[in-house]
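**Student:** I'd like to ask some things about the structure below.
Coordinate-derived values only; no laboratory data. Note that the coordinates shown come from a computational prediction; the quantities given were computed from them, not determined experimentally. Cβ placement follows ideal geometry from the backbone for every residue including glycine, while neighbour counts extend to all protein chains displayed.
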Ligand SMILES: Nc1nc2c(ncn2[C@@H]2O[C@H](COP(=O)(O)OP(=O)(O)OP(=O)(O)O)[C@@H](O)[C@H]2O)c(=O)[nH]1
Ligand SMILES: [Mg+2]
C-alpha cells in the first residue's frame, strides 16, 4: 500500500506496537494498559501501546492518558464512533514497531497472551500469530447458546465466502493477534466493522501462521458494543472482501460448474430411466457419480486452475479426486436416496432428480464449501503452540 500501516514499519524498530481500540471502556482501560505493559516488559519485548478512542465521552481517553507517565502509552482520538477495525488500522498507521498487535479494551482478552503471541513470532518465521478459542486449550467462557451459534455461523460464513483466504486459521474472528508489519506493508487495508483479522488474512502476505490457545473471558465491566449494526457491517465487509480478493469470480465459476453438474445428473437419470432395465434404481447412482466426476474435472481444470502445485502429477490429481469423493459423499448419498424415495412414491423422474440435486447442493453449500475448496488450496503452514511454552522460551 502506498501510505498504509506497514510502509514505515517495514523499517520499524524491534518492538511491538499494540493498538487498543476503545469505545466507552472507562471501567477497564487502565487495567488493560497496566497488565499489557507489564506482561510485555516481563517477556523482554520492547513495546508501545496506542489507545484509539472514538470520542467515548466517559473519560476512557483521559484515563489512558493519565498512565502515559508510567507506561509507554499514547492516545489517538477520533471524531466519533467509526468502527473497531478502522480504529486498529489508524493506530497501526502511527505505530513504529516491526510487530503490530491488537487487543480489546474490556479485559475479555487476557493481556498476558499477547506476550506469548509476540514470542511465537520472534521465535519462528511465521507472519501472523493468532490467539485462538478453537484449538486445544482454548475456550469461550460463559457464552450463551445463542452467542455460540452466532459465532459459529459467522465463522462458517466467512469460511464459505472466502475459503481460499481464511482456511488456514481456526479462529478467523479472533480480536487478538500479532502480525509482522512487513506482511501488511503493501496491503490496502480498508476494513468495515469489527473483524480486522479477516482483512489481514484476506489482504496481507501471510505465508505462515502460529496459533496460541486462550480463553475468551466473560465481560464483567462496561457494556458490549456489538449490535445489529455490527452484524450488518460484517456482511458488508465479507461482500467487499469477496470482490477485492477475486474470490467472487471463483465463486461464480464454482456455481456454474455445480449448475452444469446438476443438469448432467437430472438429464442422465431421465435418459437412463427410460432405456435401462431397472429404470431409475440403476440410473440414479450412475448419474450421481457421473455428475460428481464432471464437477471435479471442471473444478480441477477451470475453477481452481493454477491454484495447486504439481497440476499434471497424476498421483496428486487422483488423491484430490479421492478427497473430493470423501467430502461430497454425504450430499451424494442424500441426493440418491431422496431421488429414489420420490420415484418409488410416484413422483415423476425429472422432479425427483431435481429435488435430489437441490438437497445435495444445499448440503454442500451450507456445510461443505470450505472443505471442498480446501482440496485445491495450497496449505498455509499453521503451528499451534501453548502460551506458557512461548513465554518461557522467550
Ligand atoms: N475505537 C473504537 N473501538 C470500538 C468500537 N466498537 C467497539 N470498540 C472496542 O472494541 C473492543 C471490542 O468490542 P466489544 O463490544 O467488547 O466486542 P466483543 O468483545 O466482540 O463483544 P462482547 O463479548 O459483547 O463484549 C472493545 O475494546 C470496544 O471498546 C468503535 O467503533 N471504535
Ligand atoms: Mg468485548
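**Student:** Can you pull the percent of Cα pairs in the chain with separation above 31 Å? Each step should come with its number before you reach the end.
**Tutor:** Details: 34656 of 77421 pairs.
Pairs farther apart than 31 Å: 45 percent.
**Student:** Which residue, 290, 139, 318, tops the fluctuation ranking in a GNM of the chain built on C-alpha contacts under 10 Å?
**Tutor:** 318
**Student:** Ranked highest first by the average count of other Cβ atoms within 10 Å around their residues, in what order do 38-44, 336-342, 48-54, 148-154 fall? Please report the intermediate quantities before stating the final value.
**Tutor:** Numbers: 38-44: 16.7, 336-342: 19.0, 48-54: 25.6, 148-154: 13.4.
Top to bottom by mean Cβ count within 10 Å: 48-54, 336-342, 38-44, 148-154.
**Student:** If you build the convex hull over the alpha carbons only and average its shadow over all orientations, what do you get for the range 274-375? Give it in nm² to one decimal. Don't skip to the end; give the middle numbers.
**Tutor:** On the way: hull surface 28.4 nm².
Approximately 7.1 nm², given one-decimal rounding.
**Student:** What order do you get for 326, 165 when you list them from fewest to most C-beta neighbours inside 10 Å?
**Tutor:** On the way: 326 11, 165 24.
With the sparsest Cβ surroundings first, the list reads 326, 165.
**Student:** With a cut-off of 8 Å between alpha carbons and a minimum separation of six or more residues, what is the relative contact order of the chain in percent? Present the calculation step by step, with values, prior to reporting the outcome.
**Tutor:** Numbers: 711 pairs, mean separation 74.7, N = 394.
Computed over the chain, the figure is 19 percent.
**Student:** Right, something else. Taking the chain as the reference, fit the longest principal axis to its C-alpha atoms, fit the long axis of helix 279-298 to the helix C-alpha atoms, and give the angle between the two in degrees, 0 to 90, nearest 10.
**Tutor:** On a 0 to 90 degree scale, this one is about 40.
**Student:** A further question follows. How many nm separate the modelled label positions at residue 334 and residue 125, each set 7 Å beyond the Cα in the direction of the Cβ?
**Tutor:** 4.3
**Student:** Provide the three semi-axes, in whole Å and in decreasing order, of the ellipsoid equivalent to the range 205-316 as defined by the square roots of 5 times the Cα gyration tensor eigenvalues.
**Tutor:** 43, 22, 16
**Student:** Okay, helix-only estimate at 222 nm for the chain: each DSSP H run of n ≥ 4 adds -39500 (n - 2.57), divide by all residues, round to 500 deg cm²/dmol; what do you get? Working shown, then result.
**Tutor:** Working: 15 runs with 200 residues, N = 394.
-16000 deg cm²/dmol, from helical runs alone.
**Student:** Among 173, 272, 15, which one shows the biggest mean-square fluctuation in a GNM of the chain, springs joining Cα atoms closer than 10 Å?
**Tutor:** Among 173, 272, 15, the largest mean-square fluctuation in the Gaussian network model of the chain belongs to 272.
**Student:** To test your reading of the geometry: what angle, between 0 and 90 degrees and rounded to tens, separates the Cα axis of helix 145-161 from the longest principal axis of the chain?
**Tutor:** Roughly 70 degrees, rounded to the nearest 10.
**Student:** For the range 111-270, what D do you get in µm² per second when you plug the Kirkwood radius from alpha-carbon pairs into Stokes-Einstein at 25 °C and 0.890 mPa s? Walk me through the intermediate numbers first.
**Tutor:** Working: Rh = 17.5 Å.
Translational D for this selection: 140 µm²/s.
**Student:** Under a 10 Å cutoff between Cα atoms, tell me which one of 72, 133, 208 has the largest fluctuation in the Gaussian network model of the chain.
**Tutor:** 72
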